[in-house]
Amino acid sequence: MTAPIVISGAASWNRIVLLDRLPEPVPHMQFALGEHETIGGTSAGKALGLVGLGHAVRLHTLIGDDADGERVRRLLAASGIEVDDLPADATERHLNLMTAAGERVSLYLSTPADPGTPASADLVQAMTDAAAIVLDLSERSRGLIATARATGRPIWTDIHDYDGTAEFHRPFIEAADWIFMNADRIGDDPLPFMQACVLGGASVVACTLGASGAVAVDADLRVHRVDAVPVDVVDTNGAGDAFMSGVLDAHLAGASLDAALEAGARHAATVLTTRHLHPSLDALFASPSLR
């Protein structure tokens, strides 16, 4: 097996609450249609997807010494992920209010503080050997950007619902070779921003469009589009992470950008059929010792 793909970013414990509509910003009572707990975090989602596609993955993350953190560790390890976790004051926890249409409000109940320690020699070596480094949005990942760039390995990042102005995202955008995002806040047409990122040095920028598929801009400013794969949607959490994982897997196998986008769409569709970040978690959550 090749050297692990190194991913830096969040792994969390989530409570998902399904509603018929998102709450209005006024005092009121509302009944949930259902709720469950599961592992979350954008980096955990990518790690699960890439392991499911046959890659070795090293996940660098912050996890607290608490019950939720222990659940996260057990499930990641049981999934075949090498967990490189730093001690943290708390495990990241979310309360996600969801609708059947995929609308979401994420409430961060706790967020671990970055200890600010430099990357270990072992992590630097893993980055140097990696086929790709994924830096997801977090204070910890932002502190690793210079280290990642110094390795010369390709950097992939996911800026999610970036609005085009938030300064926190800027170092990730400037460092990344491949940039992924969604169109929730970038405006009616994401292409001008995507093209600007390519002109700024990115090789590829891809933007997911929900049920409309995804669009990408390559280094020659050519636009590529892919349709979403039709599927009966159970839960939309993690679909964007699965899309990026599928594209990365296909790219490393030598696929063209169009073929990689199609692979990403197929992989995203598999995640839409489960209420967890990856279908492999269905069996793990059926085991009382791993829940």
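Okay, residues lined up against (1) of a type in the set (S, T, N, Q); (2) open to solvent by 50 Å² or more (accessible area, probe 1.4 Å):
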residue	(1), (2)
Q195	yes, yes
A253	no, yes
L257	no, no
L261	no, no
R275	no, yes
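As a summary of the residue check, A146 satisfies the conditions (1) free of Cβ contacts under 8 Å to residues at least 24 places away in the same chain; (2) closer than 23 Å to H251 by Cβ except for the one numbered (2). As a summary of the residue check, V226 satisfies the conditions (1) buried (at least 21 other Cβ atoms within 10 Å of the Cβ); (2) over 27 Å from R104 (Cα atoms) except for the one numbered (2). Looking at this structure, is R93 closer than 30 Å to D20 by Cβ and either at pLDDT 95 or above or in contact with a Pro (Cβ under 6 Å, 6 or more places away or on another chain) (or both)? Yes: the conditions hold for R93. Tell me, which residue of the range 96-117 that is open to solvent by less than 70 Å² (accessible area, probe 1.4 Å) and under 17 Å from the mean Cα position of the chain (by Cα) is modelled with the lowest pLDDT? By that ranking, first place goes to G102. Within the range 58-76, residues that are in contact (Cβ under 8 Å) with a residue 24 or more places away in the chain and over 18 Å from L48 (Cβ atoms) have Cβ atoms under 7 Å from residues that are part of a strand (DSSP E or B) and open to solvent by 10 Å² or more (accessible area, probe 1.4 Å) in these pairs: G64/A88, counting only partners at least 6 apart in sequence or on another chain.
Residue-level analysis places T61 among those that are over 18 Å from H276 (Cα atoms), part of a strand (DSSP E or B), open to solvent by less than 10 Å² (accessible area, probe 1.4 Å) and of a type in the set (S, T, N, Q).
Among the strands (runs of 3 or more DSSP E) confined to the range 151-222, the ones with at least 2 residues that are more than 25 Å from A47 (Cβ to Cβ) and more than 15 Å from the chain's Cα centre (by Cα) are located at 214-217.
Put simply, of G69, G45, G54, G80 the only residue that is assigned to a helix (DSSP H, G or I) and touching a helix residue (DSSP H, G or I) at 6+ places or on another chain (Cβ under 9 Å) is G45.
Got at least one residue in the range 36-54 being farther than 30 Å from A269 by Cβ and open to solvent by 40 Å² or more (accessible area, probe 1.4 Å)?
Taking the range 36-54 first, the residues farther than 30 Å from A269 by Cβ are none.
So far as the range 36-54 goes, no, none of its residues is farther than 30 Å from A269 by Cβ and open to solvent by 40 Å² or more (accessible area, probe 1.4 Å).
The values are calculated or read from the model by the stated rules, or taken from the named source; none is laboratory data. Computed from a predicted model, the values in this text were never measured in an experiment. Positions of Cβ are backbone-derived with ideal geometry, glycine not excepted, and every protein chain shown enters the neighbour counts. These area figures cover heavy atoms from the full protein model, side chains too; ligands, DNA and RNA do not enter into them. Shrake-Rupley method; radii C 1.70, N 1.55, O 1.52, S 1.80 Å.
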